[in-house]
Amino acid sequence: MKEVLELYWAFFQIGIMTFGGGYAMLPMLQRVVVDEKKWATEEEILDYYAIGQVTPGVIAVNTATFIGYRRKGIAGAVFATAGIVSPSLLIIMALAGIINQFSQLTIVQHAFNGIRVVVCALVAKAVIGMIKKGVKDKLTFVILVSAFVSIAFFKISPIPLVVICCFLGIFSKGGEDKKSC
């Protein structure tokens, strides 16, 4: 029971201390899960992000659920998931009734502008870290650029791209470790 409560508390702290959800939580997830708790290695956390990205739902919630399940089975998954979503649920319920009354205030609009900028910085940090760990050779660099261009400029759905890139990683000469998916 102690470890599931530790999972809940760790993910609760991640949930309450990060704004923007999803990708903005990745640096904090990495710091807590890899650096502090040693629940996963850097390579494993990248794999968890990948799994969280290709499964339905929010990447941070999926990653927390996966880590919780890996640590303590179903109970760990439930407690980790509850931990990561609890702060958002509590804050959203508190704000839901009053946000319309204050959203037009200049100070509130400026606060949101500041938060958006910080979220962009957090997402950029997470992306740069993932690129450093994920791009291992020329082929993975070409896959990265091709996937980005396909999604950003040609509006191609990421679903077939994930499948295609997975197979490219498996069948390439650099796919010996099978971690290119």
key: the chain - percent relative contact order, Cα under 8 Å, separation 6 or more   = 23 percent
ask   = Mind listing the phi-derived Karplus ³J(HN,Hα) values for region 109-123, rounded to whole Hz, using 6.51, -1.76 and 1.60 with θ = phi - 60°, and x for any glycine or proline?
value = 4, 5, 4, 4, 4, x, 5, 4, 5, 5, 4, 4, 5, 5, 5
ask   = Tell me, in nm to one decimal, what length is gained between Ile92 and Ile115 on full extension, where the rule is 0.36 nm per residue of separation less the Cα-Cα distance?
value = 6.7 nm
inquiry  = Test of understanding: what is the full-extension gain from Ile170 to Ala75, defined as 0.36 nm times their sequence separation minus their Cα-Cα distance?
reply    = 30.9 nm
ask   = Once you charge only the Cβ atoms, +1 for Lys and Arg and -1 for Asp and Glu, what is the size of the charge dipole of the chain about its Cα centre, to the nearest 20 debye?
value = 180 debye
query = Got a sec to turn the phi values of region 71-79 into Karplus ³J(HN,Hα) couplings, 6.51 cos²θ - 1.76 cosθ + 1.60 with θ = phi - 60°, whole Hz, x for Gly and Pro?
reply = 7, 9, x, 4, 4, x, 4, 5, 5
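Where Lys and Arg each count +1 and Asp and Glu each count -1, what net charge lies around Leu122 among other residues with Cβ under 13 Å from its Cβ?
+3
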message = From the mean inverse distance of alpha carbon pairs (Kirkwood) and the Cα radius of gyration, derive Rg over Rh for the chain.
response = 1.02
note = Each label sits 7 Å from Cα toward the beta-carbon; between Asp47 and Phe153 the label points are separated, in nm, by 3.4 nm
key: Quarter of the Cα convex hull surface for region 1-68, i.e. its orientation-mean projected area (nm²)   = 4.2 nm²
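Count the lysine pairs in the chain whose Cα atoms sit under 13 Å apart, keeping only pairs 8 or more residues apart in sequence or on different chains. Mind showing how you got there, number by number?
Details: Lys2/Lys72; Lys125/Lys133; Lys133/Lys179; Lys136/Lys173; Lys136/Lys178; Lys136/Lys179; Lys138/Lys173.
Summing the qualifying lysine pairs gives 7.
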message = Modelling each spin label as a point 7 Å along the Cα-to-Cβ direction, I'd like the Val142/Gln104 distance in nm, to one decimal.
response = 5.7 nm
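The numbers here are math on the coordinates, done by the rules we state, and not lab data. On a predicted model such as this, the values are computed, not experimentally measured, just so you know. Don't worry about glycine lacking a Cβ; one is built from the backbone with ideal geometry, like all the others, and counts go over all protein chains shown.
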